[in-house]
Amino acid sequence: MKAQLVAVQARMQPADYHDTASFRAKILALTYGAVDGLGEGPRLLAFPELIGFPLLMLDEPEALRAGSVAQAIRLLLQKHRRELISVMAGRQLGLLGALYALRAVPAYLAYRDAFVAAAKAAQATVVAGSILLPHIEEEAARGVHLVGRRVYNTAFSFGPHGGVLNRTRKCYLMPNEARSGLSRGAIEQLSGFETPLGRVGVAICLDGFYSSVIERFDGLGVAVVVQPSANPAEWTRRWPPNPALSEGAAWLSLGLRQQLQGRLYLRYGVNPMLVGDLLGLSLRGRSSLVVNASFQPDVGLEGHQGLLAIAPSDREEAFVRAEIALG
């Protein structure tokens, strides 16, 4: 049986986060573009890391136009000072934690509702990129509410019916993420989840470079690893750990494509990238689909064995698609 993989290379603008309706419209437009002309069989659509982060600034146009993330946070802290003091006292949180707590529920609801609509419209499994949130629960008596004080870079995955199938927390953080008050997820809590395409695992950005993460998914019998990413560096720059490589060459030579090779169960990798200029971040990357050459030895592009498909540009919107064989 055939199945369809799509990495959605999203180019987001401040206007896409103006309000809940704006975000939903953008996500649905991307979804319809991703499935236009798609073949038969189960579908998996994957969106990039941090696509939900600016939702913390819903209805805050001044913050969305800020020249940096730090400036946007300062604006929010100044504007909501009294509310933040109350949250800090009531929940025993620091200033950053209180800001996340204050903005989390409306951000989560906008994110959830947009991707529920996307999954239903596409009749697809949707890995919805990521959003920065404390743990959120929904319960009959309390409704949508926060549990705990820690904030994580979290990716939600939705089934074709619109229900949540999985939540994944990023385990390995970049220095700027740690400075932003985020906590690390635990590798032992990473799990594969069943979908119409088989068992899927999510490794958020940097996690996809770590063998311990990929080993765990292989041991869990995962067939497809999705790596939602947001890379705040020029794709053509010299890669700092090894200047002999460009940033893009490092991703393709050392990232998910390489990590999949020789694994027992892992077959495919999906790496959607966030691109564009937002909150002072210049996000660059070429989204890609990759395969374990043990299963398809004759596949390759641009000199990289196992590269199934790749976006033509590192800064423009794109839908990177491939038809795969299940079983």
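The values are calculated or read from the model by the stated rules, or taken from the named source; none is laboratory data. Everything quoted here is computed from the prediction, not taken from an experiment. Quick reminder, even Gly has a Cβ in these numbers, built from the backbone with ideal geometry, and neighbours come from all protein chains shown.
Val126 satisfies every condition listed in (1) more than 24 Å from Ala63 (Cα to Cα); (2) of a type outside the set (Lys, Arg); (3) over 15 Å from the mean Cα position of the chain (by Cα); (4) crowded, with 16+ Cβ neighbours inside 10 Å except (3). In this entry, Leu283 is excluded by the filter for residues that are touching a helix residue (DSSP H, G or I) at 6+ places or on another chain (Cβ under 7 Å) and of a type in the set (A, V, I, L, M). Only one of the numbered conditions (1) in contact with a Pro (Cβ under 9 Å, 6 or more places away or on another chain); (2) surrounded by 17 or more Cβ atoms within 10 Å (Cβ to Cβ); (3) farther than 20 Å from Glu60 by Cβ is not met by Gly97, and that is (3). Of the residues making up segment 188-216, those that are in a helix (DSSP H, G or I) and either more than 17 Å from the chain's Cα centre (by Cα) or among the charged types (D, E, K, R) (or both) number 7. Among the residues here, Glu234 does not qualify as out of contact with any Lys or Arg (no Cβ under 7 Å at 6 or more places or on another chain) and among the charged types (D, E, K, R).
Where the second residue is assigned to a loop (DSSP other than H, G, I, E, B) and of a type in the set (D, E, K, R) and the first is without any contact (Cβ under 8 Å) to a residue 24 or more places away in the chain and lies in segment 234-249, which pairs have Cβ atoms under 7 Å and are six or more apart or on separate chains? Matching pairs, first to second residue: Ser246/Arg237.
Can Tyr108 be described as among the hydroxyl-bearing types (Ser, Thr, Tyr) and either closer than 15 Å to Gly276 by Cβ or buried (at least 20 other Cβ atoms within 10 Å of the Cβ) (or both)?
Taking the combined requirement at face value, the residue satisfies it.
Residue count for segment 112-156 under the criterion of being assigned to a loop (DSSP other than H, G, I, E, B) and under 21 Å from Gly192 (Cβ atoms): the result is 3. Checking every residue in segment 135-151 against the condition of being closer than 30 Å to Ser212 by Cβ and touching a Phe, Trp or Tyr at 6+ places or on another chain (Cβ under 7 Å) gives at least one match.
Highlighted here are the helices (runs of 4 or more DSSP H) found entirely within segment 1-107 that include at least 1 residues which are touching a residue at least 12 places away in the same chain (Cβ under 8 Å), among the hydroxyl-bearing types (Ser, Thr, Tyr) and within 20 Å of Ala117 (Cα to Cα): 20-35.
Within segment 134-142, none of the residues are closer than 24 Å to Glu188 by Cβ, buried (at least 23 other Cβ atoms within 10 Å of the Cβ) and aliphatic (A, V, I, L, M). Picking from residues in segment 308-327 that are in a loop (DSSP other than H, G, I, E, B) and aliphatic (A, V, I, L, M), the one that is modelled with the lowest pLDDT is Leu326. Filtered by the rule that a residue be touching a residue at least 60 places away in the same chain (Cβ under 8 Å) and over 16 Å from Leu260 (Cα atoms), segment 288-312 gives a lone residue, Ala311.
Specify which of the listed residues (Pro312, Pro232, Pro297, Pro240) is of a type outside the set (A, V, I, L, M) and under 20 Å from Leu30 (Cβ atoms). Just one listed residue meets the conditions, Pro312. Of Arg11, Arg24, Arg43, which residue is more than 26 Å from Gly327 (Cβ to Cβ), in contact with a strand residue (DSSP E or B) (Cβ under 8 Å, 6 or more places away or on another chain) and crowded, with 16+ Cβ neighbours inside 10 Å? Exactly one residue qualifies, and that residue is Arg11. Evaluate the following for Gly269: is it small (Gly, Ala, Ser), assigned to a loop (DSSP other than H, G, I, E, B), crowded, with 24+ Cβ neighbours inside 10 Å and touching a Ser or Thr at 6+ places or on another chain (Cβ under 9 Å)? So Gly269 fails the test. Could you tell me whether segment 243-266 includes any residue that is over 28 Å from Glu194 (Cα atoms), part of a loop (DSSP other than H, G, I, E, B) and among the small types (Gly, Ala, Ser)? Scanning segment 243-266 turns up at least one residue that is over 28 Å from Glu194 (Cα atoms), part of a loop (DSSP other than H, G, I, E, B) and among the small types (Gly, Ala, Ser). Within segment 286-307, the set of residues being under 20 Å from the mean Cα position of the chain (by Cα) and either at positive phi or part of a strand (DSSP E or B) (or both) comprises Ser288, Leu289, Val290, Val291.
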